Structure formats: structure tokens, C-alpha cells
Amino acid sequence: MVTLDKSYVSPVPTNWTQQSVQDFAETTAAKLGYQPGGDIEHVVRLLGGMVTDEHWDSPSATGYIEVRDSRDFTINLSPLASGTRRRFTTAHELGHYILHTHMGKLHPVRITREGSNRLEWEANWFAAGFLMPTAEFKRLVKEGRNDAELAFHFDVSMSAVEIRRTVLG
Ligand SMILES: [Zn+2]
């Protein structure tokens, strides 16, 4: 199943700034009705995709995405990834779908971690913005919440919170 099929087209990075990608991700999350700490896999299903760890065949990554068409894509996750890792990776792959295949208009596409760094950065920025919206993050910090409380609130890892805190100053 992992054969590299020559018929795949290459995804293209947006080359937007980190700020732009994160703002876009926040807006997208809001539009899709995603609430912080909410069910990200539900959002994937709303967009016509599915999340599965049943056909995992890639030892080198935590997740990858295959886009067959608009509203037809699969996010494959490592069965070893659990909880917050699984959520962040799902948001990351969703970022690839929305940013790099333009909601499946560009297809068929398969994006793994072996792809360009730029694609991976953008997907990570998307995931951070999607899962941890700026205004809410800043409000909780102002209230004096610590990283563990933020991680619990957004249902993300401590390291994801630390990175977000640094980016948001
Ligand atoms: Zn990726």
C-alpha cells in the first residue's frame, strides 16, 4: 500500500507567513464549529474525510494523508500515537488537506513527513492555530493558568502549549 505511485501530484506550500497560516487556521476552526478541546475527528468527517489507524504501514511517521478527491481523503495515524499526539497529528494532516490540496481540488496527493520541510512547518502552524486560538490562549495566560492547565483545556501536549506560548509572546 505504500508504493509510491507516479500518478500522485505534488502538493504546493502556501508560502504564507506563520501568522497568516495560524490566523487562517483559527478562522477555519471557528467556521467549522470546532470548540477548543473539541472533537477534531468529527471535523474531518464533516469535510468528507476519515481518520483511521487500521491500515498503518509507515514506520517513519506519526501520520500521513491521502487525498483522492474533494471530500474524499484519509488521515492515517500510527496506532502507537495516542491522545494529544493523535489530535495534533490529525489537525496537522487537516492542514495539509486544506492548505496544500485546496480542499482536495489538487489530487491525488499523498503527503508524508518525508515531504518538504516547508509543507511540514505550515501544517504544524495550522495545527497550532486550529487547536489553540489566540484570544482564548491569551485570556487563559492572563488569568494565570499554567502550561499543564492550558494543555488540559485545549487537549494538547505540554510541548505544544510551550511552543504556542513562545510564538504568541
Ligand atoms: Zn505533514
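Some notes on this structure:
- Each of Val167, His96, Tyr34 was placed along the dipole of the chain (beta-carbon charges, centred on the mean Cα), and the one lying farthest toward the positive end is Val167.
- Unit charges at the beta carbon, dipole of the chain: most positive-side option, Asn76, Val44, Trp121: Trp121
- Size of charge dipole - the chain - debye, nearest 20, with Cβ of Lys, Arg +1 and Asp, Glu -1, no other charges: 340
- Of His55, His153, the sequence from fewest to most neighbouring Cβ atoms within 10 angstrom is His55, His153.
- Taking a quarter of the surface of the Cα convex hull of the chain gives a mean projected area of 9.1 nm².
- Counting only Cβ charges, +1 for Lys and Arg and -1 for Asp and Glu, the dipole size of region 38-122 around its Cα centre is about 180 debye.
- Taking 10 °C and 1.306 mPa s as conditions, region 92-138 diffuses translationally at an estimated 141 µm²/s according to Stokes-Einstein applied to its Kirkwood radius (Cα pairs).
The numbers here are math on the coordinates, done by the rules we state, and not lab data. As the structure is a computational prediction, the values presented were derived from the model and not from experiment. Note: ideal-geometry Cβ built from the backbone for every residue, glycine included; neighbour counts use all protein chains shown.
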